[in-house]
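A short worksheet on the structure shown next.
A short reminder: the numbers here are calculations on the coordinates, not readings from a lab. Note that the structure is a prediction, hence the values are computed from the model and not measured. Backbone-built Cβ (ideal geometry, glycine too); neighbour counts: all protein chains shown.
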Amino acid sequence: MAQSQHGGQHREGIAAGRLAPPQYADNFSDLHPPLDRHEAVVEADRCYFCYDAPCMQACPTEIDIPMFIRQISTGNPLGAARTIFDQNILGGMCARVCPTETLCEEACVREAAEGKPVQIGRLQRYATDAAMAARKQFYERAAPTGKRIAVVGAGPAGLACAHRLAVHGHDVTIFEARPKPGGLNEYGIAAYKATDDFAAAEVDYVTEIGGIAIDYDKALGRDFSLAELSAGHDAVFLGMGLAGVNALRADGEAAQGVGNAVDFIAELRQARDLASIPVGRRVVVVGGGMTAIDAAIQSKLLGAEEVTICYRRGKEQMNASGMEQDLASSKGVLIRHWLQPWRVLVEDGRTIGVEMEYTELRDGRLAGTGETVIIGADQVFKAIGQSFDAAPLNGSGDVVALEGGRVRVDGEGRTSMAKVWAGGDCVADAREDLTVAAVAAGRDAAESIHRALTSNGRA
């Protein structure tokens, strides 16, 4: 029996069902189990409730962290949830996926003093989970304004924008290109970070406010134009994220076995049977961000024998946090630095390895050394960033100005086109490609739209 299992895991090529069925559930269980009531109160009591709280300043959505932690410590998790949702209506998902170790927890006074910050993310999850479990809604819609706003994309930016507009009494229709809402929360987050269909449950919770309709399988540039949206609505918010994936620019990247890390993560998230997801025996992931880490870890959890992340710069330059890198290493992922893809090696039409070129800094610029190394691989994932696809703007590119390949906005999220706002990953000033930053952008754009619609009646 052990022999057959062993043989299954070590099959050459890309194959499904490498592990025994029970192992999949174990491997993809919750990364950080929720705190119980006692654990939450004990952890909350570690907070100094700083007056000028550095954790709060480090939060892109400016949640009053000392306040909600104090509310937990006094046995009021629903009050804590209200404090969180006032600033971040997607606080439940952010508690799970936010890199707290480089934001609020890194700024925590206890981190500086003893290297062990208050577990702000887990406390945030404790409070928001309590509210969602109780189906407690903290907001009521204002009197209907009669104003109609179109939101493109049901990702974090679009949902945050829609919720805040609905609270103000406006009617919102979200146009979503995919069959499910949530954007990256549904399709782009590692399965072990958001278990039990949490992304879908959160969307249900957010839309319970009323006044928000979601129209699925409706893509900008295919089913409607920006001009049509603008003509039929009082305002438009663009929150469609990044649809393109950067190319390796290496010979042979079209070979069988080379794919996009984001597509792999999406397939895994939507799978009802994890054993059905094929994975290589040897996997190479090219990139140094969260997507690269997620794809690598999940390859390992699906039964890949060898998983290697190759990044063109050093450890300190990786976008993935130190904690994420350590997590990958703990799962058996090898992270190699100062390597860039040279060519994909192919035999009989299938990938058999990647030739990587060593890199170095010369006069402050990254350059190849000419020396190469071959890493065996039957599956290669590209995780070197995504790009904004401007084509769906459907000929409006001359009106909606771009900057650095993304939509240009002002401090309030306004684009160069009248009545049109944008936020999240699709904008030029995206404050890091983070869920929490997208939420802040959507929320702030909603307030700007509301002010515009109520000051003179039109955006």
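For segment 305-410, the square roots of the Cα gyration tensor eigenvalues, ordered a ≥ b ≥ c, give a/c of at least 1.5 with a/b greater than b/c, which places it in the prolate category. Under Stokes-Einstein, with the Kirkwood radius over Cα pairs as Rh, the value for the chain at 20 °C and 1.002 mPa s is 92 µm²/s. The C-alpha radius of gyration of segment 104-214, expressed as a fraction of 2.2 N^0.38 Å, stands at 1.27.
Kindly identify segment 245-385 as rounded, prolate or oblate by the Cα gyration tensor criterion: order the square roots of the eigenvalues as a ≥ b ≥ c, call it rounded if a/c is under 1.5, otherwise compare a/b with b/c, prolate if a/b is larger, else oblate. In terms of gyration-tensor shape, oblate.
Can you list the chymotrypsin sites (Phe, Trp or Tyr not before Pro) in segment 37-109 that are in a DSSP coil and have 15 or fewer other beta carbons within 10 angstrom?
Listed in order of number, the matching sites are Y48, F49, Y51.
Beyond 20 Å in Cα-Cα separation lie the following of the pairs K193/K300; K147/K419; K193/K218; K300/K382: K193/K218. Spatially, segment 10-89 and segment 306-342 are offset by 25 Å when compared through their Cα centroids. Based on the alpha-carbon gyration tensor of segment 244-289 and its eigenvalue square roots a ≥ b ≥ c, which shape applies: rounded if a/c is under 1.5, prolate if not and a/b is larger than b/c, or oblate? Prolate shape, in that a/c is at least 1.5 and a/b is the bigger ratio.
Once Rh for segment 197-303 is found with the Kirkwood sum over Cα pairs, what is the Stokes-Einstein diffusion coefficient at 25 °C and 0.890 mPa s, in µm²/s?
It comes out at roughly 140 µm²/s.
Using only the Cα atoms of segment 37-133, each taken as one equal point scatterer with no solvent, compute I(q) by the Debye sum, divide by I(0), and report log10 of the ratio at q = 0.22 Å⁻¹. For segment 37-133 at q = 0.22 Å⁻¹, log10 I(q)/I(0) is -1.10. All other residues whose Cβ lies under 11 angstrom from that of V286 are scored, Lys and Arg at +1 and Asp and Glu at -1, for a net of +3.
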